[in-house]
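What follows is calculated from the coordinates using simple rules that are stated; it is not laboratory data. Everything numeric here is computed off the predicted structure, so don't read it as measured data. Please note: Cβ atoms are built from the backbone with ideal geometry, for glycine as well, and neighbour counts cover all protein chains shown.
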Amino acid sequence: MNEQIRAREVRLVGPEGEQVGIVPLERALQLAADVDLDLVEVAPMARPPVCKLMDFGKFKYESALKAREARRNQQQTVIKEMKLRPKIDPHDYETKKGHVVRFLKAGDKVKVTIMFRGREQSRPELGYRLLRRLESEITELGYVEAAPKQDGRNMIMVLAPHRAVKASAVAATASRGAGRERPAEESAAPAAGETPAGETAAAGETGTTADTGGQ
């Protein structure tokens, strides 16, 4: 940038993207000074290198804003885990299915593990049937990303939310984040005699949740 540029001549681009042409470096620096802008090398490997007239401080600020917005709209892939027994009680099954539904609605993947014990290992079809039942009951929210597979004494299936469900979860997260950003005037100190209203932050789940229960 500016005096750090070592090329004798540069291909100059104006502040609005207009092509100025190939000019000596001294001329390009003078043009930058005349309009109170920086001369920034944007394509150093070109011959001659391409330089643009810009407000570099403003450019860095806008780039940081875009990066922050991208991070805000990005949702990390989280894999929750739900463990079941092949002969699970109907009530327990409905409870655990409710957790799976909640995880999928939040945009998370779910690893469903069927745990076999003792003689149950000789009846893998029980676990397979249970997983297929669960799959059929959550089809509106997700799909099977990894089909049921025997892994030692466990049988594992991975569910993932549909794209529309995940997009809705990301939008809801972004909306909640925007709601927490209060304007400066709203955060002003209360007037004398006033008591500021209390605020309660909702606790969210992060990381991988392992359900160690199971019947």
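Is it the case that LEU65 is of a type in the set (A, V, I, L, M), in a helix (DSSP H, G or I) and more than 30 Å from ASP108 (Cα to Cα)? Don't jump to the end; show me each part of the working.
Numbers: of a type in the set (A, V, I, L, M): yes; in a helix (DSSP H, G or I): yes; more than 30 Å from ASP108 (Cα to Cα): no.
Answer is no for this residue.
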Mind listing whichever residues of the stretch 137-178 are touching a helix residue (DSSP H, G or I) at 6+ places or on another chain (Cβ under 7 Å), in contact (Cβ under 8 Å) with a residue 40 or more places away in the chain and either assigned to a loop (DSSP other than H, G, I, E, B) or surrounded by 13 or more Cβ atoms within 10 Å (Cβ to Cβ) (or both)?
GLU137, ILE138, LEU141, MET155, MET157, LEU159, PRO161, VAL165, ALA169, VAL170, ALA174
What number of residues within the stretch 93-124 are of a type in the set (Asp, Glu) and farther than 30 Å from ALA164 by Cβ?
1
Mind listing whichever residues of the stretch 86-127 are small (Gly, Ala, Ser) and in contact (Cβ under 8 Å) with a residue 12 or more places away in the chain?
ALA106, GLY107, GLY127
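Residues checked against (1) more than 19 Å from LYS58 (Cβ to Cβ); (2) in a loop (DSSP other than H, G, I, E, B); (3) of a type outside the set (Val, Ile, Thr):
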| residue | (1), (2), (3) |
| --- | --- |
| ARG6 | yes, yes, yes |
| VAL10 | yes, no, no |
| GLY17 | no, yes, yes |
| VAL20 | yes, no, no |
| VAL23 | yes, no, no |
| ALA28 | yes, no, yes |
| ALA33 | no, no, yes |
| ASP36 | no, yes, yes |
| GLU41 | no, no, yes |
Out of (1) touching a residue at least 40 places away in the same chain (Cβ under 8 Å); (2) at negative phi, what's the single condition that is false for LEU134?
(1)
Tabulated pairs, the stretch 24-40, first in contact (Cβ under 8 Å) with a residue 12 or more places away in the chain, second among the charged types (D, E, K, R) and exposed (fewer than 13 other Cβ atoms within 10 Å of the Cβ), C-beta under 8 angstrom, 6+ apart or interchain:
PRO24/ARG8; LEU25/ARG8; LEU29/GLU3
